[in-house]
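Just so it is clear, none of the values below were taken in a lab; they were calculated from the coordinates. In this text the structure is predicted, and so the values were computed from the model without any measurement. Note that each Cβ is placed from the backbone with ideal geometry, even for glycine, and that neighbours are counted across all protein chains shown.
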Amino acid sequence: MAEVTYREALAQALREEMHRDDKVYLIGEDIGHYGGSYAVTKGFLDEFGAKRVIDAPIAEMGIVGTAIGAAMDGLRPVAELMTVNFAILALDQIVNHAAKLHYMFGGQIKVPMVVRTVSGWGQLGATHSQSFEGWFAHVPGLKVVTPATPADAKGMLKSAIRGEDPVIFIEHSLLYGVKGEVPEDDNFLLPLSGAQLLREGRDITIVTYSRMAILALRAAAKLAQEGIEVEVIDMRALRPLDMQPAIESVMKTNHAVILSEDWRTLGMGAELAAQIYEHAFDYLDAPIARVASLEVPMPYSKVLERMVVPDEEKLIKAVKETLNRA
Amino acid sequence: MAEVTYREALAQALREEMHRDDKVYLIGEDIGHYGGSYAVTKGFLDEFGAKRVIDAPIAEMGIVGTAIGAAMDGLRPVAELMTVNFAILALDQIVNHAAKLHYMFGGQIKVPMVVRTVSGWGQLGATHSQSFEGWFAHVPGLKVVTPATPADAKGMLKSAIRGEDPVIFIEHSLLYGVKGEVPEDDNFLLPLSGAQLLREGRDITIVTYSRMAILALRAAAKLAQEGIEVEVIDMRALRPLDMQPAIESVMKTNHAVILSEDWRTLGMGAELAAQIYEHAFDYLDAPIARVASLEVPMPYSKVLERMVVPDEEKLIKAVKETLNRA
Amino acid sequence: MTTETDLKLAAESQATKANGASVPITSPLAEAQKKSDRERNLEIYRTMLLIRRLEEKTAEAYTQGKIGGFLHLYIGQEAVATGVISALEPDDHLVTHYRDHGYAIAKGCDPGRILAEMYGKSTGLSGGKGGSMHLADVKRHFWGGYAIVGGHLPLATGLAQSIKYQGKDEIVVCVMGDGSTNIGMFHESLNMASLYQLPIIYLVENNLFSMGTPLKEHTSLPEIHQKARGYGMPGDRFDGMDIDVVYEHVATAAQRARTGGGPSLLEAMTYRFRGHSMADPQFYRTKSDVEEVRSHRDPIQIHAQRQIERGVFSEADTKQIADEIDQMVIDSARFADESPFPEPEALWADVYVQEHS
Amino acid sequence: MTTETDLKLAAESQATKANGASVPITSPLAEAQKKSDRERNLEIYRTMLLIRRLEEKTAEAYTQGKIGGFLHLYIGQEAVATGVISALEPDDHLVTHYRDHGYAIAKGCDPGRILAEMYGKSTGLSGGKGGSMHLADVKRHFWGGYAIVGGHLPLATGLAQSIKYQGKDEIVVCVMGDGSTNIGMFHESLNMASLYQLPIIYLVENNLFSMGTPLKEHTSLPEIHQKARGYGMPGDRFDGMDIDVVYEHVATAAQRARTGGGPSLLEAMTYRFRGHSMADPQFYRTKSDVEEVRSHRDPIQIHAQRQIERGVFSEADTKQIADEIDQMVIDSARFADESPFPEPEALWADVYVQEHS
Ligand SMILES: Cc1ncc(C[n+]2csc(CCOP(=O)(O)OP(=O)(O)O)c2C)c(N)n1
Ligand SMILES: Cc1ncc(C[n+]2csc(CCOP(=O)(O)OP(=O)(O)O)c2C)c(N)n1
Ligand SMILES: [Mg+2]
Ligand SMILES: [Mg+2]
């Protein structure tokens, strides 16, 4: 095991799979000469050449659509969409095509494609700070992955590339610099679904994913000092959803908070909460709290942006309110 | 009051508003010469001319984007997207632009635009049978309307056209032929939010919208014969959500079923259920049931399609299971 | 009749093998190319007439409620699909829009399985899950009909990218209508195809209408082949009602694509004799508009007349073929009628290749 | 210093009035057009130098952490914005991409409010909600900078549609980069603009890179102005480093648009002296590549040199203007620094025009 950043873990996964299988290629905007807008593919153009590291025009539909077509013919494209905000330009290709072809043509066509994209914020303004993972998770035929740690990033990306179905792989711009232990094994593969218990606790369960999992652990540590034992569940994949760990946890703690960075209404929190209510109804001592982003277009000014996104303070407040209710 | 179809009610609203305000114009594919793919604008080209009834190229982004631009300059465009399945091609214009401009530029820009589009199914295949109302309802800055009756269709469309904000107006292809009482008043306006009690009942609450409201009423009538009194709430608008009537109803009936035609996971049912749990937690005798479409790309064959969509039988089953639980 | 069904499916068994051909691809139309002038032209006649007759049967089945949803007939445009496929190698790749029946037939798909698909039967090309707009036969490199206008252009471009990536000498033909050239995906696809010099032909069937919107009202450049200039790509327009002309022009572009010359944009001038779909009231044109074209430019008439005049085949030959085809249509309809609907289990099959992992 | 702030905002008070101008629009650059050769060229010099100096200040403020997010500088491209705006009427409409600082200045926006916007202050052009990429000043018909590549093209096209619909004699200029011409919205917008003969100019600032991707690697037709052929639209390419050339060509296209001649696609050949954004490591080009252009084709040098040679103005004049501008930049920065951040209530303001109804 070595300590590497989330960024480096992703680069390792891509590099290893490209060496393992020459049917794997990368296509995306500025992944070559520029080195990737978040530097994940820095050096790849020199290492693998322009045939396998394609600097695409700004054409999100074209990037995803050609990747689907190549996947249909047996290649294993990894398409990069610079941020999830631009991914919605390619939503027709992802939703009306990648997700449908295998079923619609009675199993004749397979689409072994990965779409890597990025959520995040940081004074980027209203059109560059959104989270749409819930939209992808709504669509049968897609697999949706949102790794929180370098190890998950590497192991799940490798599995996504080797898999036979279209995978929407959502990274987080504020995680690229975060370090963690990552196995060096070339065949380090992780399943594309399966929630994980990150921290045990008896009092309340925080169900979350991606960068918010890190936030949840920090808050849990603080709350522990006040004698509140928080259990933290990282969903890791949003389609298919593995609800069992969260449900079992809530059956034990009888309290839950859902933490996500997207807008609250119709966000991931709605589904995660609904399923917990459905399966642990008789165990809940209080309604489940949803901590999510406030429902405004993201303002640029940092004093306003700060108010919009979930933070430790808001999370801790929600935990206490949920515990103290009634 | 006159008995008119949902289709005719929409045509009345468009015609009246076009006569009232020459800043109102229509743009969409085949709304002119063809008469509208669902015949809503039949005769409009002759009546209003090509300046105000524009047969657009197949260019969903262009149709919505030019409508936004014209609205910014003070016109009141009604853009028609033939079906909601194609609306996702214009999602960038709707989500990254229409929904954002007023806020992002500090109130300098207004976008008084209506996007009319259509959900529905009927052996149309995987790419032509989807429901995305939940995606629009997720986005701050948009108003989302899903009328179930001819009266709502007319009154809400007129208000949407006269309003100052972008409105996503979602019709249902299987409702166009349905008749209902509609006021002839030229100024018959209805608010763009506000849920409505369609039927009173003491035993259980069905919360729904659009075509499913009709289905709910039919099921309620049947259930009444078995002595089960169902209360039916039509949400009518999905953003902003008016949860009060549903919450009050559940406080009375202590049981709820959410009925929607979209896919269950991350669908409207998740949010409606989550909010009812949050506000009526102590009143619920059983978990809320969600009746929605099965999570597969819609198959063409009618024997399979029938299995996917909600029907009376499935709804009645869910009602009874919810009542008989525990 | 399950035996007949079983036989047919056995013969077609590789059809559902995902991604690419497993056995050498053949089709009557392709084989005929290597045969005599007579054989070749008879096969072309047979193909066009089968398209016409099967479409007529399809329309009838629709009115009988055996077919549901949207149904877009190919009647009037037969020379395009027939000309295109006869100018290709059997293993060349085909991607089309929803108006796909004629191409399925020209590519050599079984007419019984085509009808069965429209009937929503398990024996259909796509197991009854696709319907009229989504016929596909991947083992014949027919990657299917697509119903999001323009949505298949990037897919076809990606297929061509894969072919070049793997150094194969196959090419891709991507078929669309005139109205489809206005959507953004057309622009993104043609730019990438030209930028990467991909082996693909974008073939526009210009039938003068985008649903009910006349050509001049939906595009700023009605000479659609000239849109190629925006991509430094060759463009070419020709009469799509004359099979021989279609063959000529497609063969030239195919040769270019196959030899590293890159993509082309072809525009076949044609006309549909029926509405856009069965639901079309056709307010946008008159009966006589259609009669005018049908009487002077029917592609099947043009072909038959010429070959009879040339003495390549005779009236008698056409009669005999007509009889064969009538029987084929009857058999195909019976196959579709007698085929079973999908079992309930089929509903959950093929949502994912790997349900778990 | 709130008094100064208050004064400025009072003067700018109509700025936040939604949709369109409420008072006659003026801007120094526009007024200068009607004045003497000397006045006009001094104003052009003043504008270009202000853009340059304010950008330098902006870069400094970014490194100081006063500006966050993405910051795209306009240094090197000053002649384009200055030439474009000087060739327009004051009430003509402007829509740009995120590289919008130079246009805001040329359109006559207050430099203090421009900086304040980037600092996220309530006195900013967009109240601190937009930031660097989303400057706008609607009362000057500057409809803003947009950050979804190509996303503003349909909006600008719709503005032009509205102008024609209402029979106004204004025109729209829509600015984008070379990389933006590859996205679908470019195609859909230009087709509609040409089809409806709208009064709009699509102006491409070809700085040879789409972020870090070289022109020849991102588009199949590097002669971007020739893409106009795909829409039956006139296209024109010119030197974007020479203000006089830019003025010429834009004036011609503006005349055409204003007199019912329809849209144009203009390509200004230019170069950015800084990275794509402040985050750009610029692996894709060398320092000497940039030095080469900076030393021979600096638009401000070209203009100053020519006018001094022509004896239109003198070294002394440029020195004096430089001093004025240095002071203006200092004042603007102070205004931005001293302006307050938005109040918490601002968070919920302007999500909707009509919160209820
Ligand atoms: C993105 C999208 N927009 C709209 C439609 C609805 N639609 C289906 S076919 C069609 C007209 C297409 O005309 P054309 O491309 O000329 O093909 P033709 O039917 O004439 O062969 C339209 C508007 C669609 N299927 N997809
Ligand atoms: C739809 C979309 N895709 C990608 C991006 C990320 N991005 C921002 S600017 C840019 C490059 C644009 O280059 P160009 O159009 O030449 O303009 P320039 O920055 O050179 O002025 C890219 C890829 C975006 N903002 N929007
Ligand atoms: Mg057509
Ligand atoms: Mg550029």
Protection-proxy order for peptides C:76-85, D:69-78, each taking the mean of Cβ atoms within 10 Å per residue, highest first: C:76-85, D:69-78
Which of A:Pro166, A:Pro57, A:Pro77 moves the most in a Gaussian network model of chain A with Cα springs under 10 Å? A:Pro57
Fewest Cβ neighbours within 10 Å first, please rank B:Ser301, B:Ser193, C:Ser332 accordingly. B:Ser193, C:Ser332, B:Ser301
For B:Lys143, which lysines qualify as cross-link partners when the Cα separation must be under 19 Å and same-chain residues fewer than eight apart are set aside? B:Lys100, B:Lys110, B:Lys154, B:Lys158
Sequence-distant residues sharing a close amide H with A:Val144 (under 5 Å, placed H): A:Ile168, A:Leu238, A:Arg239
Any idea what % of Cα-Cα pairs in the protein assembly as shown are farther than 53 Å? 24 percent
Straight-line reach check, B:Lys320, cutoff 25 Å on alpha carbons, 8 or more apart in-chain or any other chain, hits among lysines -> B:Lys222, B:Lys252
Would you work out the Kirkwood radius for segment A:60-114? I mean one over the mean of 1/r across all pairs of different Cα atoms, in Å. 11.1 Å
Going by Cα centres, segment D:282-313 and segment A:1-53 are how many Å apart? 37 Å
What percent do you get for the relative contact order of chain C when only Cα pairs under 8 Å and 6+ apart count? 22 percent
Among C:53-61, A:278-286, C:89-97, the order from most to least packed when residues are scored by Cβ within 10 Å on average: C:89-97, C:53-61, A:278-286
List the residues, sorted by chain then number, that are 5 or more residues from A:His172 or on another chain and whose placed amide H is less than 5 Å from its amide H. A:Ser119
Please average, across the residues of C:207-214, the number of beta carbons from any other chain that are within 10 Å of each residue's own beta carbon, and give a whole number. 5
Position A:Lys252, label points 7 Å along Cα→Cβ, spacing to each other copy in nm (shortest first, one decimal): 4.3
Just to confirm my numbers, what's the Cα centroid distance between segment C:33-98 and segment C:129-152 in Å? 15 Å
Where does each of C:320-330, C:214-224, B:7-17 land if you order them by average Cβ count within 10 Å, highest first? B:7-17, C:214-224, C:320-330
Between A:Glu3 and D:Thr63, how high is the FRET efficiency from 1/(1 + (r/R0)^6) when r is the Cβ-Cβ distance and R₀ = 22 Å? Nearest 0.05. 0.15
Residue-wise, which Karplus ³J(HN,Hα) couplings in Hz belong to segment B:140-146, taking 6.51 cos²θ - 1.76 cosθ + 1.60, θ = phi - 60°, and x for glycine or proline? x, x, 9, 10, 10, 10, 9
Relative contact order of segment A:277-326, defined on C-alpha pairs under 8 angstrom at six or more residues apart (%): 43 percent
Could you give, in nm with one decimal, how far C:Asp337 is from each other copy of that position, shortest first, with labels 7 Å out from Cα toward Cβ? 9.0
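If you scale each eigenvalue of the Cα gyration tensor by 5 and take the root, what three semi-axes come out for chain A, rounded to whole angstrom and sorted largest first? Write down the numbers at each step before the final one.
Working: eigenvalues 229, 83, 74 Å².
Semi-axes (√(5λ), whole Å): 34, 20, 19.
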Let me check against my output: what whole-number percent is the relative contact order of chain A, with C-alpha pairs under 8 Å and at least 6 apart? 16 percent
Compute and list, largest first, the equivalent-ellipsoid semi-axes of chain D from the alpha carbon gyration tensor, each √(5λ) rounded to a whole angstrom. 28, 26, 22
Which residue is it, in chain C, whose C-beta lies closest to the C-to-D rotation axis, and what is that distance in whole Å? C:Gly184, 1
Nearest-to-axis residue of chain A, judged by beta-carbon position, where the axis maps A onto B, in Å: A:Ala270, 2
Distances in nm from C:Arg285 to the matching label points in the other copies, shortest first (labels 7 Å along Cα to Cβ): 5.1
Can you return the lysines within cross-link range of D:Lys57? Criterion is Cα-Cα under 28 Å, with same-chain partners fewer than 8 residues away left out. A:Lys302, D:Lys8, D:Lys66, D:Lys107, D:Lys121, D:Lys129, D:Lys139, D:Lys287, D:Lys319
Taking only the C-alpha atoms, wrap a convex hull around segment B:1-98 and report its volume per residue in Å³ as a whole number. 106 Å³
Shielding score for B:286-298, defined as the mean number of other chain Cβ atoms within 10 Å: 5
Dividing the helical contributions, -39500 (n - 2.57) per DSSP H run of n ≥ 4, by the residues of chain A yields a 222 nm value, nearest 500 deg cm²/dmol, of -10500 deg cm²/dmol
